[in-house]
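Participant: This is the structure, below, for whatever I ask next.
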Amino acid sequence: MSLGTDQELFAQDFANLILFAFSQGDTVRIGEVQRPLEMQQIYVSTGRSKTMDSQHIKKCAGDLFILRDGKILDREQMKKYGDWWEAKSSRHRWGGSWRGLIESKKSDFVDVPHFELKF
């Protein structure tokens, strides 16, 4: 699959996630999707990210802030959306769980608004 095809797949899946949130009665604010390499370097140097291999650089990740009654959902409330996302494809990862890495104690880095299509 080409990068362009993966970007199109991510866009469609991300749109479906947004529609799912709306169907649950929640509202959505879209955060960062495309990220320049220079910004990723800043994020790594300041501890906001742990990798220079971010899917944001490839336009295959997006940050989604989901709100209920005007308040951004916390990790526990977002789990429904993370589970929904990860169930759609083995290539989908949610930053609130990093597919079990947090629960298995292999990572303590949590990025609740983050949804990605992994290569």
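Participant: Determine if region 12-24 includes at least one residue that is touching a strand residue (DSSP E or B) at 6+ places or on another chain (Cβ under 6 Å) and aromatic (Phe, Trp, Tyr).
Facilitator: So the first thing to find is which residues in region 12-24 are touching a strand residue (DSSP E or B) at 6+ places or on another chain (Cβ under 6 Å), and the list is 14, 18, 21.
Among the residues that remain, those that are also aromatic (Phe, Trp, Tyr) are: 14.
Within region 12-24, one or more residues are touching a strand residue (DSSP E or B) at 6+ places or on another chain (Cβ under 6 Å) and aromatic (Phe, Trp, Tyr).
Participant: Turning to a different aspect of this structure: In the set ASP13, ASP6, which member is touching a Cys at 6+ places or on another chain (Cβ under 8 Å), at pLDDT 95 or above and surrounded by 13 or more Cβ atoms within 10 Å (Cβ to Cβ)? Write out each step before concluding.
Facilitator: Numbers: ASP13 fails: touching a Cys at 6+ places or on another chain (Cβ under 8 Å).
None of the others qualify; the one that does is ASP6.
Participant: Could you list all residues from region 46-65 that are of a type in the set (Gly, Ala, Ser) and at pLDDT below 95?
Facilitator: Start the filter on region 46-65 by keeping residues that are of a type in the set (Gly, Ala, Ser), which leaves 47, 49, 54, 61-62.
Listed by number, the residues that qualify are GLY47, SER49, SER54.
The values are calculated or read from the model by the stated rules, or taken from the named source; none is laboratory data. Bear in mind the structure is a predicted one, so any value in this text is a computation, not a measurement. Reconstructed Cβ throughout: ideal geometry from the backbone, glycine too, with neighbour counts over all protein chains shown.
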